[in-house]
1. Among the numbered conditions (1) in a loop (DSSP other than H, G, I, E, B); (2) touching a residue at least 40 places away in the same chain (Cβ under 8 Å); (3) within 16 Å of the ligand (Cβ to nearest atom), tell me where residue 53 comes up short.
2. Listed residues 193, 185; which is at pLDDT below 95 and at positive phi?
3. Pick out the one residue from 228, 234, 243, 209 that is within 13 Å of the chain's Cα centre (by Cα) and either modelled with pLDDT of 95 or more or not in a strand (DSSP E or B) (or both).
4. Is one or more of the residues making up the range 130-145 crowded, with 20+ Cβ neighbours inside 10 Å and in contact (Cβ under 8 Å) with a residue 40 or more places away in the chain?
5. Looking at (1) within 16 Å of the ligand (Cβ to nearest atom); (2) within 27 Å of residue 162 (Cβ to Cβ), can you tell me which one residue 225 breaks?
6. If residue 78 satisfies every condition in (1) free of Cβ contacts under 8 Å to residues at least 12 places away in the same chain; (2) away from the ligand (no atom under 16 Å from the Cβ) but one, which is the exception?
7. Give me the helices (runs of 4 or more DSSP H) completely within the range 83-154, filtered to those with at least 3 residues that are farther than 23 Å from residue 175 by Cβ, ordered by residue number.
8. Name every residue in the range 83-102 that is touching a helix residue (DSSP H, G or I) at 6+ places or on another chain (Cβ under 9 Å) and either within 16 Å of the ligand (Cβ to nearest atom) or under 15 Å from residue 41 (Cβ atoms) (or both), in order of residue number.
Ligand SMILES: Nc1ncnc2c1ncn2[C@@H]1O[C@H](COP(=O)(O)OP(=O)(O)OP(=O)(O)O)[C@@H](O)[C@H]1O
(Lines give C-alpha, C1' and ligand atoms only; values in the text may rest on other atoms or scores of the structure.)
Protein backbone atom coordinates (compact mmCIF):
# COMPACT_ATOMS: atom_id res chain seq x y z
CA UNK A 1 0.00 0.00 0.00
CA UNK A 2 1.33 3.39 -0.99
CA UNK A 3 1.76 5.81 1.88
CA UNK A 4 1.65 9.57 2.03
CA UNK A 5 5.04 11.21 2.18
CA UNK A 6 4.29 14.87 2.25
CA UNK A 7 6.96 17.49 2.00
CA UNK A 8 6.45 20.82 3.68
CA UNK A 9 4.60 23.06 1.23
CA UNK A 10 6.22 26.35 0.29
CA UNK A 11 4.97 28.99 2.79
CA UNK A 12 3.80 31.26 -0.06
CA UNK A 13 1.48 28.60 -1.38
CA UNK A 14 -0.12 27.60 1.92
CA UNK A 15 -3.91 27.63 1.86
CA UNK A 16 -4.19 29.43 -1.47
CA UNK A 17 -7.22 28.60 -3.56
CA UNK A 18 -6.14 27.76 -7.12
CA UNK A 19 -9.52 26.63 -8.41
CA UNK A 20 -12.76 28.22 -7.32
CA UNK A 21 -16.03 26.91 -8.74
CA UNK A 22 -19.16 28.83 -7.78
CA UNK A 23 -22.80 28.08 -8.56
CA UNK A 24 -21.79 26.10 -11.64
CA UNK A 25 -24.63 24.94 -13.88
CA UNK A 26 -24.22 22.54 -16.81
CA UNK A 27 -26.97 21.13 -18.93
CA UNK A 28 -27.24 19.28 -22.21
CA UNK A 29 -30.66 19.82 -23.77
CA UNK A 30 -33.10 19.15 -20.97
CA UNK A 31 -30.61 17.11 -18.93
CA UNK A 32 -29.25 19.09 -15.98
CA UNK A 33 -25.83 17.70 -14.99
CA UNK A 34 -24.68 20.35 -12.49
CA UNK A 35 -26.91 22.74 -10.59
CA UNK A 36 -25.30 25.43 -8.41
CA UNK A 37 -22.20 23.32 -7.82
CA UNK A 38 -19.44 24.78 -5.60
CA UNK A 39 -15.90 23.43 -5.25
CA UNK A 40 -12.49 24.74 -4.16
CA UNK A 41 -9.01 23.35 -4.69
CA UNK A 42 -6.08 24.43 -2.54
CA UNK A 43 -2.51 24.70 -3.74
CA UNK A 44 -0.55 21.48 -3.43
CA UNK A 45 -3.43 19.16 -2.62
CA UNK A 46 -4.54 16.03 -4.43
CA UNK A 47 -8.32 16.10 -4.68
CA UNK A 48 -10.08 12.88 -5.67
CA UNK A 49 -13.39 13.44 -7.45
CA UNK A 50 -15.82 10.51 -7.20
CA UNK A 51 -19.47 9.90 -7.94
CA UNK A 52 -21.77 7.45 -9.68
CA UNK A 53 -21.63 6.97 -13.41
CA UNK A 54 -23.01 9.99 -15.25
CA UNK A 55 -22.82 12.37 -12.27
CA UNK A 56 -20.71 14.71 -14.38
CA UNK A 57 -17.13 14.21 -13.19
CA UNK A 58 -15.66 14.46 -16.68
CA UNK A 59 -17.95 17.37 -17.55
CA UNK A 60 -16.75 19.17 -14.41
CA UNK A 61 -13.11 18.60 -15.38
CA UNK A 62 -13.72 19.78 -18.95
CA UNK A 63 -15.57 22.85 -17.73
CA UNK A 64 -12.82 23.87 -15.32
CA UNK A 65 -10.14 23.61 -18.02
CA UNK A 66 -12.29 25.65 -20.42
CA UNK A 67 -13.33 22.91 -22.84
CA UNK A 68 -17.01 23.08 -21.97
CA UNK A 69 -18.93 26.31 -21.69
CA UNK A 70 -21.18 26.20 -18.63
CA UNK A 71 -24.82 27.28 -18.65
CA UNK A 72 -24.18 29.36 -15.53
CA UNK A 73 -21.89 30.08 -12.62
CA UNK A 74 -18.28 31.12 -12.25
CA UNK A 75 -14.92 29.40 -12.42
CA UNK A 76 -11.70 31.01 -11.28
CA UNK A 77 -8.34 29.47 -12.13
CA UNK A 78 -5.43 31.10 -10.30
CA UNK A 79 -7.93 33.79 -9.26
CA UNK A 80 -8.87 34.58 -12.86
CA UNK A 81 -12.22 34.07 -14.52
CA UNK A 82 -11.38 32.61 -17.95
CA UNK A 83 -14.49 34.16 -19.50
CA UNK A 84 -13.27 37.67 -18.61
CA UNK A 85 -9.84 37.22 -20.22
CA UNK A 86 -8.66 38.01 -23.73
CA UNK A 87 -7.83 35.04 -25.96
CA UNK A 88 -4.12 35.57 -25.33
CA UNK A 89 -4.49 35.79 -21.54
CA UNK A 90 -6.73 32.72 -21.58
CA UNK A 91 -4.17 30.75 -23.53
CA UNK A 92 -1.49 31.74 -21.00
CA UNK A 93 -3.65 30.52 -18.10
CA UNK A 94 -4.38 27.28 -19.97
CA UNK A 95 -0.66 26.62 -20.32
CA UNK A 96 -0.43 26.51 -16.52
CA UNK A 97 -2.70 23.48 -16.58
CA UNK A 98 -1.93 19.92 -17.75
CA UNK A 99 -4.60 17.34 -18.56
CA UNK A 100 -4.44 13.58 -18.90
CA UNK A 101 -7.69 12.51 -20.51
CA UNK A 102 -9.27 9.11 -20.12
CA UNK A 103 -7.58 6.77 -22.57
CA UNK A 104 -4.38 8.82 -22.64
CA UNK A 105 -5.15 10.16 -26.12
CA UNK A 106 -1.64 9.83 -27.54
CA UNK A 107 -1.14 10.17 -31.28
CA UNK A 108 -0.84 6.57 -32.46
CA UNK A 109 1.30 7.51 -35.47
CA UNK A 110 3.97 9.23 -33.34
CA UNK A 111 6.52 7.66 -31.06
CA UNK A 112 6.52 8.72 -27.39
CA UNK A 113 9.24 11.30 -27.80
CA UNK A 114 7.33 12.97 -30.65
CA UNK A 115 4.07 12.77 -28.70
CA UNK A 116 5.54 14.67 -25.77
CA UNK A 117 7.36 17.07 -28.09
CA UNK A 118 4.12 18.25 -29.75
CA UNK A 119 3.07 20.77 -27.05
CA UNK A 120 6.70 21.87 -26.64
CA UNK A 121 6.97 22.75 -30.33
CA UNK A 122 3.43 24.13 -30.69
CA UNK A 123 3.09 26.12 -27.46
CA UNK A 124 6.62 26.74 -26.20
CA UNK A 125 8.13 27.31 -29.64
CA UNK A 126 11.06 24.94 -29.08
CA UNK A 127 13.08 23.55 -31.95
CA UNK A 128 12.52 19.89 -32.73
CA UNK A 129 15.90 18.99 -31.25
CA UNK A 130 15.32 20.84 -27.97
CA UNK A 131 11.78 19.52 -27.77
CA UNK A 132 13.03 15.94 -28.15
CA UNK A 133 15.63 16.48 -25.45
CA UNK A 134 13.06 17.88 -23.03
CA UNK A 135 10.53 15.20 -24.02
CA UNK A 136 13.00 12.48 -23.05
CA UNK A 137 13.44 14.16 -19.67
CA UNK A 138 9.67 14.26 -19.13
CA UNK A 139 9.38 10.59 -20.09
CA UNK A 140 12.10 9.73 -17.56
CA UNK A 141 10.30 11.81 -14.93
CA UNK A 142 7.27 9.54 -15.26
CA UNK A 143 9.42 6.45 -14.74
CA UNK A 144 9.67 5.24 -18.34
CA UNK A 145 12.94 3.62 -19.43
CA UNK A 146 15.00 5.58 -21.96
CA UNK A 147 14.37 3.09 -24.77
CA UNK A 148 10.63 3.82 -24.56
CA UNK A 149 11.17 7.23 -26.21
CA UNK A 150 11.33 5.77 -29.71
CA UNK A 151 8.48 3.31 -29.25
CA UNK A 152 4.95 3.77 -30.54
CA UNK A 153 1.90 3.64 -28.25
CA UNK A 154 0.83 0.29 -29.76
CA UNK A 155 4.11 -1.27 -28.58
CA UNK A 156 3.52 -0.40 -24.93
CA UNK A 157 1.56 -1.73 -21.98
CA UNK A 158 -1.44 0.23 -20.70
CA UNK A 159 0.56 1.45 -17.71
CA UNK A 160 3.35 2.75 -19.94
CA UNK A 161 0.86 4.55 -22.19
CA UNK A 162 -0.62 6.23 -19.11
CA UNK A 163 2.85 7.34 -18.03
CA UNK A 164 3.58 8.71 -21.50
CA UNK A 165 0.26 10.59 -21.45
CA UNK A 166 1.27 11.98 -18.09
CA UNK A 167 4.66 13.03 -19.51
CA UNK A 168 2.84 14.92 -22.24
CA UNK A 169 0.48 16.55 -19.71
CA UNK A 170 3.59 17.69 -17.80
CA UNK A 171 5.41 18.94 -20.91
CA UNK A 172 4.81 22.63 -20.28
CA UNK A 173 5.49 22.45 -16.50
CA UNK A 174 1.88 22.96 -15.41
CA UNK A 175 0.95 24.00 -11.88
CA UNK A 176 -2.32 22.08 -11.87
CA UNK A 177 -2.66 18.56 -13.20
CA UNK A 178 -6.06 17.15 -14.20
CA UNK A 179 -6.35 13.39 -14.45
CA UNK A 180 -9.46 11.58 -15.69
CA UNK A 181 -9.56 8.03 -14.34
CA UNK A 182 -5.82 7.43 -14.82
CA UNK A 183 -5.79 3.95 -13.31
CA UNK A 184 -8.87 2.64 -15.14
CA UNK A 185 -7.95 -0.51 -17.02
CA UNK A 186 -4.58 -0.96 -15.29
CA UNK A 187 -3.70 -4.09 -13.35
CA UNK A 188 -3.47 -3.49 -9.56
CA UNK A 189 0.35 -3.36 -9.51
CA UNK A 190 0.54 -0.83 -12.35
CA UNK A 191 -2.30 1.17 -10.79
CA UNK A 192 -0.51 1.30 -7.42
CA UNK A 193 2.68 2.38 -9.20
CA UNK A 194 0.80 5.16 -10.95
CA UNK A 195 -0.80 6.31 -7.67
CA UNK A 196 2.63 6.48 -6.09
CA UNK A 197 4.00 8.41 -9.06
CA UNK A 198 1.28 11.06 -8.73
CA UNK A 199 2.13 11.65 -5.07
CA UNK A 200 5.86 11.74 -5.84
CA UNK A 201 5.37 14.25 -8.65
CA UNK A 202 3.08 16.40 -6.51
CA UNK A 203 5.75 16.49 -3.80
CA UNK A 204 8.65 17.06 -6.20
CA UNK A 205 7.00 19.59 -8.50
CA UNK A 206 4.57 21.25 -6.09
CA UNK A 207 1.61 20.30 -8.27
CA UNK A 208 -2.03 20.64 -7.40
CA UNK A 209 -3.97 17.61 -8.65
CA UNK A 210 -7.63 17.23 -9.65
CA UNK A 211 -8.15 13.50 -10.02
CA UNK A 212 -11.35 11.87 -11.28
CA UNK A 213 -11.39 8.25 -10.20
CA UNK A 214 -13.47 5.18 -9.39
CA UNK A 215 -10.46 3.55 -7.77
CA UNK A 216 -10.88 3.18 -4.01
CA UNK A 217 -7.21 2.26 -3.62
CA UNK A 218 -6.25 5.59 -5.23
CA UNK A 219 -8.50 7.47 -2.80
CA UNK A 220 -6.91 5.73 0.16
CA UNK A 221 -3.31 5.97 -0.98
CA UNK A 222 -3.02 9.31 -2.77
CA UNK A 223 -5.81 11.79 -2.08
CA UNK A 224 -5.72 14.53 0.56
CA UNK A 225 -9.41 15.27 0.12
CA UNK A 226 -12.28 13.65 -1.70
CA UNK A 227 -15.17 15.43 -3.40
CA UNK A 228 -18.33 13.41 -3.95
CA UNK A 229 -20.56 14.41 -6.85
CA UNK A 230 -24.18 13.55 -6.24
CA UNK A 231 -27.55 15.11 -7.00
CA UNK A 232 -25.93 17.65 -9.37
CA UNK A 233 -23.70 19.11 -6.66
CA UNK A 234 -20.59 18.40 -4.63
CA UNK A 235 -22.28 16.65 -1.74
CA UNK A 236 -19.18 16.75 0.45
CA UNK A 237 -15.49 17.59 -0.06
CA UNK A 238 -13.33 16.56 2.86
CA UNK A 239 -10.79 14.11 4.19
CA UNK A 240 -11.54 10.45 3.55
CA UNK A 241 -12.63 9.70 7.14
CA UNK A 242 -15.10 12.57 7.11
CA UNK A 243 -16.48 11.69 3.68
CA UNK A 244 -16.85 8.00 4.54
CA UNK A 245 -18.81 9.00 7.66
CA UNK A 246 -21.31 11.12 5.71
CA UNK A 247 -24.84 9.85 5.95
CA UNK A 248 -25.77 9.29 2.33
CA UNK A 249 -26.79 5.99 0.73
CA UNK A 250 -24.36 6.23 -2.22
CA UNK A 251 -21.44 7.22 0.01
CA UNK A 252 -22.16 4.47 2.53
CA UNK A 253 -22.46 1.88 -0.19
CA UNK A 254 -19.28 3.07 -1.93
CA UNK A 255 -16.93 3.59 0.99
CA UNK A 256 -18.29 1.12 3.49
CA UNK A 257 -19.46 -1.62 1.12
CA UNK A 258 -17.26 -4.70 0.58
CA UNK A 259 -14.88 -3.04 -1.90
CA UNK A 260 -14.55 0.06 0.22
CA UNK A 261 -13.75 -1.99 3.29
CA UNK A 262 -11.18 -4.00 1.35
CA UNK A 263 -9.46 -0.81 0.18
CA UNK A 264 -9.25 0.58 3.71
CA UNK A 265 -5.95 -0.54 5.18
CA UNK A 266 -7.41 -1.60 8.53
CA UNK A 267 -10.92 -2.80 9.35
CA UNK A 268 -11.03 -0.31 12.22
CA UNK A 269 -10.37 2.72 10.03
CA UNK A 270 -13.77 4.21 10.87
CA UNK A 271 -14.56 2.72 14.30
CA UNK A 272 -17.07 5.39 15.29
CA UNK A 273 -19.28 4.35 12.38
CA UNK A 274 -19.00 0.62 12.76
CA UNK A 275 -22.68 0.16 13.62
CA UNK A 276 -24.21 1.40 10.35
N1 LIG B 1 -21.17 16.89 -24.96
C2 LIG B 1 -22.21 16.32 -24.37
N3 LIG B 1 -23.44 16.37 -24.95
C4 LIG B 1 -24.50 15.81 -24.35
N5 LIG B 1 -24.46 15.17 -23.16
C6 LIG B 1 -23.29 15.10 -22.55
C7 LIG B 1 -22.11 15.67 -23.11
N8 LIG B 1 -21.08 15.44 -22.26
C9 LIG B 1 -21.61 14.77 -21.22
N10 LIG B 1 -22.92 14.56 -21.38
C11 LIG B 1 -23.81 13.88 -20.42
O12 LIG B 1 -23.54 14.41 -19.13
C13 LIG B 1 -23.62 13.39 -18.13
C14 LIG B 1 -22.34 13.38 -17.32
O15 LIG B 1 -21.28 12.88 -18.10
P16 LIG B 1 -19.82 12.63 -17.55
O17 LIG B 1 -19.05 11.98 -18.63
O18 LIG B 1 -19.28 13.87 -16.97
O19 LIG B 1 -20.08 11.60 -16.37
P20 LIG B 1 -19.05 10.91 -15.40
O21 LIG B 1 -19.46 11.25 -14.01
O22 LIG B 1 -17.66 11.30 -15.79
O23 LIG B 1 -19.35 9.40 -15.70
P24 LIG B 1 -18.42 8.06 -15.76
O25 LIG B 1 -18.05 7.79 -14.34
O26 LIG B 1 -19.35 7.04 -16.30
O27 LIG B 1 -17.25 8.38 -16.65
C28 LIG B 1 -23.88 12.08 -18.88
O29 LIG B 1 -25.25 11.78 -18.78
C30 LIG B 1 -23.50 12.39 -20.30
O31 LIG B 1 -24.25 11.65 -21.20
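1. Failing condition for residue 53: (2).
2. 185
3. It is 209.
4. Checked the range 130-145: at least one residue is crowded, with 20+ Cβ neighbours inside 10 Å and in contact (Cβ under 8 Å) with a residue 40 or more places away in the chain.
5. All conditions are met except number (1).
6. Answer for residue 78: the failing condition is (1).
7. Correct list: 112-122, 128-141.
8. Result: 93, 97, 98, 99, 100, 101, 102.
The values are calculated or read from the model by the stated rules, or taken from the named source; none is laboratory data. From a predicted model like this one, the values you see are computed outputs, not experimental measurements. Every residue, glycine as well, gets a Cβ built from its backbone with ideal geometry; the counts of neighbours run over all protein chains shown.
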